[in-house]
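All remarks here apply to the structure that follows.
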Amino acid sequence: MEWDQINYFQTVAKVQHITKAAKHLSISQPALSRSIAKLENELGVQLFDRKGRNIYLNRYGVMFLRRVEQSIKEIETGKQEIWDEIHPDYGTISLSFIPSLGISIVPEILSAYHKMHANVKFQLHQASNKEIVDQIKARKIDLALIALLHEDEEVIWQPLLTEELFLIVSIDHKLAAYDEIELKRIQNEPFIAFKDVNELQTIINHLCHKAGFSPKVVFEGEDIGTVSGLVGAKLGVSLVPDIQVLDKTKVKLIRVKEPICNRQIGVASLKDSYSSPVVERFIQFIHRFFQIK
């Protein structure tokens, strides 16, 4: 059953005259008659009673027309829903981001964007880097803000900003007297690490390896707030970005001069996939936002 057949049937059912319906549809009368006959053959029942040049819906035709009109209405509703979803001024964007960005960066972006496009809606998701990449590949989200550690042929990743990572120690730690330090100075210190699902720990391991040692992990936390709290409780040291969740009455941030410690945050999406107008506009905004910032 083809869409043209459905459309032709609906028109004939309303006009109840083959010649007038053919003229309205801008097709030949024989072509319209063949289409209706083919539809009736497929359904196994006549939909019209014919009398001269006029045709009239029979009870089977009335039954089928009711379903056809419901289906057309559903399709039109679907078209409208899609239009609303992708419209640059009214659409919806599904955005994932790593938890540490939810403290300030993501709220800042959304607040600035909302001032310009108040009717755009967001579906927000927080997850680990790996989980977010899986979400992208499964087409569950439109785009993400992540630190892509390894190139992935299925994912487009464009860098936005570089976040410096600081050594944090408790305020009365022996190293708290320093404002700058080499990372190798902590090789014998108990280290508060992040669980393996956190991309930050992969970066930390790489930096420590670059400094010539492996961190002596004594505790693992899931997020920066927890890790910072453990450091403030004098249980070890760690490496974190400078974000609002840090309690600087309990921890001291020390810049690492060797090696340079940072992570790059970028916007990621699925390669070679459709990107709606509302998503494209938001991506352009994000790039401008960080250029200005």
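Overview of values
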item	result
Test: residue in the stretch 5-18 that is touching a Ser or Thr at 6+ places or on another chain (Cβ under 6 Å) and free of Cβ contacts under 8 Å to residues at least 24 places away in the same chain	no
Boolean, LEU167 is surrounded by 15 or more Cβ atoms within 10 Å (Cβ to Cβ), touching a Ser or Thr at 6+ places or on another chain (Cβ under 8 Å) and assigned by TED's automatic domain parsing to the domain that holds VAL197	yes
Criterion (at pLDDT below 90 and touching a helix residue (DSSP H, G or I) at 6+ places or on another chain (Cβ under 7 Å)) met by exactly one of THR11, THR19	THR19
Close pairs (6 angstrom Cβ cut-off, 6 or more residues apart or separate chains): among the aromatic types (Phe, Trp, Tyr) in the stretch 264-293, not in a helix (DSSP H, G or I) anywhere	PHE282/ILE93; PHE290/LEU160; PHE290/LEU161
LYS174 vs. criteria loosely packed, with under 15 Cβ neighbours inside 10 Å and at pLDDT 95 or above	yes
Subset tally (residues that are over 16 Å from SER228 (Cβ atoms) and either part of a helix (DSSP H, G or I) or touching a Leu at 6+ places or on another chain (Cβ under 6 Å) (or both)) for the stretch 187-210	9
Criterion (in the same structural domain as SER104 (by TED's automatic domain parsing), of a type in the set (Asp, Glu) and outside any helix (DSSP H, G or I)) met by exactly one of ASP272, ASP247	ASP272
One residue from GLN70, GLN10, GLN46, GLN5 being out of contact with any Cys (no Cβ under 9 Å at 6 or more places or on another chain) and part of a loop (DSSP other than H, G, I, E, B)	GLN46
Residues (of a type outside the set (A, V, I, L, M), under 30 Å from LEU149 (Cα atoms) and out of contact with any strand residue (DSSP E or B) (no Cβ under 9 Å at 6 or more places or on another chain)) located in the stretch 65-113	SER104, PRO107, GLU108, SER111
Residue within the stretch 67-87 that is among the hydroxyl-bearing types (Ser, Thr, Tyr), assigned by TED's automatic domain parsing to the domain that holds VAL12, within 43 Å of the chain's Cα centre (by Cα) and closer than 14 Å to GLN10 by Cα present	yes
Residue identified as outside any loop (DSSP other than H, G, I, E, B) and either under 30 Å from GLN135 (Cβ atoms) or in the same structural domain as SER128 (by TED's automatic domain parsing) (or both) among VAL227, VAL231, VAL218	VAL227
Some residue of the stretch 102-113 being exposed (fewer than 13 other Cβ atoms within 10 Å of the Cβ), assigned by TED's automatic domain parsing to the domain that holds ASP272, part of a loop (DSSP other than H, G, I, E, B) and touching a residue at least 12 places away in the same chain (Cβ under 8 Å)	yes
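The values are calculated or read from the model by the stated rules, or taken from the named source; none is laboratory data. Since the structure is predicted, the reported quantities are computational estimates derived from the model, not experimental observations. With ideal geometry, Cβ positions are generated from the backbone for all residues, glycine too; neighbour counts draw on all protein chains shown.
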